[in-house]
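Student: I have a structure here, written as structure tokens, and I will follow up with some questions on it.
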Amino acid sequence: MDFQLTEDQKSLQEAARRFAQEQLPELAKELEEKCEPVPHEWLKRYADMGFLGINVAEQYGGLGLGNLEALLVVEEFAKISSAVAFPVFESCVGPVRAIEHFAPESLREKVIPRVCAGEIVVAVSMSEPDAGSALTDLRTNAKVVGDKVILNGTKRWCSGGGHADGYVVYCRFDDVPGAKGIGAVYVEKDTPGLSFGPQEELMGFRGVPSSDLYFDNIELPLDHIIVPGGGFKKLMEAFDLERCGNATMSLGQASGALDDVLTYVQERKQFGRPIVEFQGVQIKLAEMKLRVEAARLLIHRAAKNAEDGMPSILDSSLAKCFANEISREVTGTAVQLMGGYGYSKEYPMERRLRDSWGWGIAGGAIDIQKVNIASAMVGRRFNQRAS
């Protein structure tokens, strides 16, 4: 059991940290103010630096590294903001990996190299008006008719909605009920019959666009079926990796807050000395450090145990649940320690606090992770619909 990063991992982490800290703070501020996603010229810069598709196979334009390496980069970007980190997240632990693992080769070759080159962004669309935590209740319907797939339905809370160039859409094939009917298809933004609702006005996640998606008799080629009906288990395996990405985005809010507040308390003076000299502040710093380090260890364990495959539902749910909870606590403490400066929009701390609450809702709410954990502990799934 080795808790040390390799020299190559340290070099990658340092390169990501240097790029993020030197290049991205002004971009993060701009995206926050304008509520716009990372522009394509910046995506090309990400790609040129090798930060898109870090754990994607080299044959598709990725670096061919492991999940841990990808998460190291995600955290360094997320320390700056959720918005600047989101394209890295989506390319390394999100829908792109589902395409890589399960889609036909023709679709992999069509989509993944363009993501890794910074030419397109792909988002995942799962939730619906009546299907969030109860994902197996989704109604968006796909019917195979001859050599086409006909897609109809409505999706909600799609991060990337309206701005992403392609969507991995969870859907029900041929009206088969329950989990047995669920699969996923790939839909391009300019597909006839696809339209978008207005951009959501959210508490946080500014720069991570979100909207409803509407599918009206959309026609897709058969090779746009990523997972056919009955492949829900496969989709959830891919989502276990996305949980680790969500946990890392959440961790980035906390670890970024800790970095900033550590500098602040050594510079800010009250009663004639830096406030770090006061025991109350020291205790808060120690508590924040404990939570950040514990969350990081849970995330890295999940990634390491999976090697280059998909993490277990237990490991990924433990990591996501804990990181989501501690990020809210750590960023809240940081705001308090910084006082008015923490509460001011002139500084990034209050944004981290708002984003921290979002990551505990997105990708499966905190309490749903606890249900997953209990299910793994007893070795069976619980029927939440039982009376």
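Student: So which pairs qualify, if the first residue must be in region 1-12 and under 14 Å from GLY66 (Cβ atoms), the second must be among the aliphatic types (A, V, I, L, M) and open to solvent by 80 Å² or more (accessible area, probe 1.4 Å), the Cβ gap must be under 7 Å, and the two must be at least 6 apart or on different chains?
Tutor: Taking only residues 6 or more apart or on different chains, not a single pair turns up.
Student: Additional query: Can you pull out every residue in region 321-336 that is closer than 29 Å to GLY379 by Cα and either touching a Gly at 6+ places or on another chain (Cβ under 7 Å) or open to solvent by 20 Å² or more (accessible area, probe 1.4 Å) (or both)?
Tutor: PHE322, ASN324, GLU325
Student: If you don't mind, there's one more thing I want to ask. Of the residues that sit in region 97-114 and are open to solvent by less than 20 Å² (accessible area, probe 1.4 Å) and at pLDDT below 95, which one is nearest to GLN59 (Cα to Cα)?
Tutor: Out of the qualifying residues, it is ARG97.
Student: Kindly check whether there is at least one residue in region 230-246 that is open to solvent by 10 Å² or more (accessible area, probe 1.4 Å) and either over 30 Å from ALA323 (Cα atoms) or in contact with a Leu (Cβ under 7 Å, 6 or more places away or on another chain) (or both).
Tutor: The answer is yes, given that some residue of region 230-246 is open to solvent by 10 Å² or more (accessible area, probe 1.4 Å) and either over 30 Å from ALA323 (Cα atoms) or in contact with a Leu (Cβ under 7 Å, 6 or more places away or on another chain) (or both).
Student: If you don't mind, there's one more thing I want to ask. Kindly provide the set of residues from region 58-95 that are among the β-branched types (Val, Ile, Thr) and modelled with pLDDT under 95, ordered by number.
Tutor: VAL93 - this is the single residue of region 58-95 that is among the β-branched types (Val, Ile, Thr) and modelled with pLDDT under 95.
Student: Then there is this: Out of all the residues in region 210-224, is one or more of a type in the set (Phe, Trp, Tyr), open to solvent by less than 60 Å² (accessible area, probe 1.4 Å), in contact (Cβ under 8 Å) with a residue 24 or more places away in the chain and part of a strand (DSSP E or B)?
Tutor: Scanning region 210-224, I find at least one residue that is of a type in the set (Phe, Trp, Tyr), open to solvent by less than 60 Å² (accessible area, probe 1.4 Å), in contact (Cβ under 8 Å) with a residue 24 or more places away in the chain and part of a strand (DSSP E or B), so the answer is yes.
Student: Moving to a separate point now. Which members of region 352-382 meet the condition of being under 18 Å from LEU314 (Cα atoms) and of a type in the set (Asp, Glu)?
Tutor: Within region 352-382, ASP367 is the sole residue that qualifies.
Student: Go through region 307-317 and give me each residue that's open to solvent by less than 50 Å² (accessible area, probe 1.4 Å) and either assigned to a helix (DSSP H, G or I) or closer than 18 Å to TRP359 by Cβ (or both).
Tutor: PRO311, ASP315, SER316, SER317
Student: Could you pull out the residue among GLU287, GLU267, GLU293, GLU242 that is out of contact with any Asp or Glu (no Cβ under 7 Å at 6 or more places or on another chain) and either modelled with pLDDT under 95 or of a type in the set (Lys, Arg) (or both)?
Tutor: From the options GLU287, GLU267, GLU293, GLU242, the qualifying one is GLU242.
Student: Looking at ALA98, ALA47, ALA78, ALA117, which one is small (Gly, Ala, Ser), under 20 Å from the mean Cα position of the chain (by Cα) and under 22 Å from ARG352 (Cβ atoms)?
Tutor: ALA78
Student: Then there is this: So the check is Cβ under 6 Å with 6+ separation or different chains; which pairs have a first residue in region 79-96 that's over 12 Å from ARG243 (Cα atoms) and a second one that's assigned to a helix (DSSP H, G or I) and polar (S, T, N, Q)?
Tutor: Within 6 Å, the pairs are LYS79/SER255.
Student: Still on this structure, I have one more. Scan region 364-379 and tell me whether some residue there is crowded, with 19+ Cβ neighbours inside 10 Å, within 17 Å of the chain's Cα centre (by Cα) and not in a helix (DSSP H, G or I).
Tutor: The answer is yes, given that some residue of region 364-379 is crowded, with 19+ Cβ neighbours inside 10 Å, within 17 Å of the chain's Cα centre (by Cα) and not in a helix (DSSP H, G or I).
Student: Also, I was wondering about something else. Which ones in region 337-353 are touching a residue at least 12 places away in the same chain (Cβ under 8 Å), in a helix (DSSP H, G or I) and open to solvent by 30 Å² or more (accessible area, probe 1.4 Å)?
Tutor: Correct list: LEU337, TYR341, LEU353.
Student: Further question: Checking the structure you have, find out if any residue of region 150-160 is among the β-branched types (Val, Ile, Thr), surrounded by fewer than 23 Cβ atoms within 10 Å (Cβ to Cβ), more than 17 Å from ALA362 (Cα to Cα) and without any contact (Cβ under 8 Å) to a residue 12 or more places away in the chain.
Tutor: No, region 150-160 contains no residue that is among the β-branched types (Val, Ile, Thr), surrounded by fewer than 23 Cβ atoms within 10 Å (Cβ to Cβ), more than 17 Å from ALA362 (Cα to Cα) and without any contact (Cβ under 8 Å) to a residue 12 or more places away in the chain.
Student: Take LEU202 and tell me if it is in a strand (DSSP E or B), in contact with a Ser or Thr (Cβ under 7 Å, 6 or more places away or on another chain) and either farther than 14 Å from GLY231 by Cα or open to solvent by 20 Å² or more (accessible area, probe 1.4 Å) (or both).
Tutor: Taking the combined requirement at face value, the residue does not satisfy it.
Student: Right, here's the next one. Looking at region 289-306 only, could you name the residues that are surrounded by fewer than 24 Cβ atoms within 10 Å (Cβ to Cβ), touching a helix residue (DSSP H, G or I) at 6+ places or on another chain (Cβ under 8 Å) and in contact (Cβ under 8 Å) with a residue 40 or more places away in the chain?
Tutor: VAL292, ARG296, LEU298, HIS300, LYS304, ALA306
Student: Collect the residues in region 307-360 that are more than 21 Å from the chain's Cα centre (by Cα) and more than 27 Å from THR263 (Cα to Cα), keeping them in residue-number order.
Tutor: none
Student: Mind checking which pairs have a first residue in region 246-275 that is under 17 Å from MET338 (Cβ atoms) and a second that is open to solvent by less than 70 Å² (accessible area, probe 1.4 Å) and among the aromatic types (Phe, Trp, Tyr), Cβ under 8 Å, 6 or more apart or different chains?
Tutor: Final answer for the pair search is GLN253/TRP359.
Student: I'm told GLU90 meets every condition in (1) under 12 Å from GLN9 (Cβ atoms); (2) acidic (Asp, Glu); (3) open to solvent by less than 10 Å² (accessible area, probe 1.4 Å) except one. Can you identify the failing condition by its number?
Tutor: (1)
Student: Still on this structure, I have one more. Looking only at region 178-197, decide whether some residue is open to solvent by less than 10 Å² (accessible area, probe 1.4 Å) and within 18 Å of the chain's Cα centre (by Cα).
Tutor: No, region 178-197 contains no residue that is open to solvent by less than 10 Å² (accessible area, probe 1.4 Å) and within 18 Å of the chain's Cα centre (by Cα).
The values are calculated or read from the model by the stated rules, or taken from the named source; none is laboratory data. In this text the structure is predicted, and so the values were computed from the model without any measurement. Glycine also receives a Cβ, built like all others from the backbone with ideal geometry; neighbour counts cover every protein chain displayed. With ligands, DNA and RNA removed, areas are computed over all heavy atoms of the protein, side chains included. Shrake-Rupley method; radii C 1.70, N 1.55, O 1.52, S 1.80 Å.
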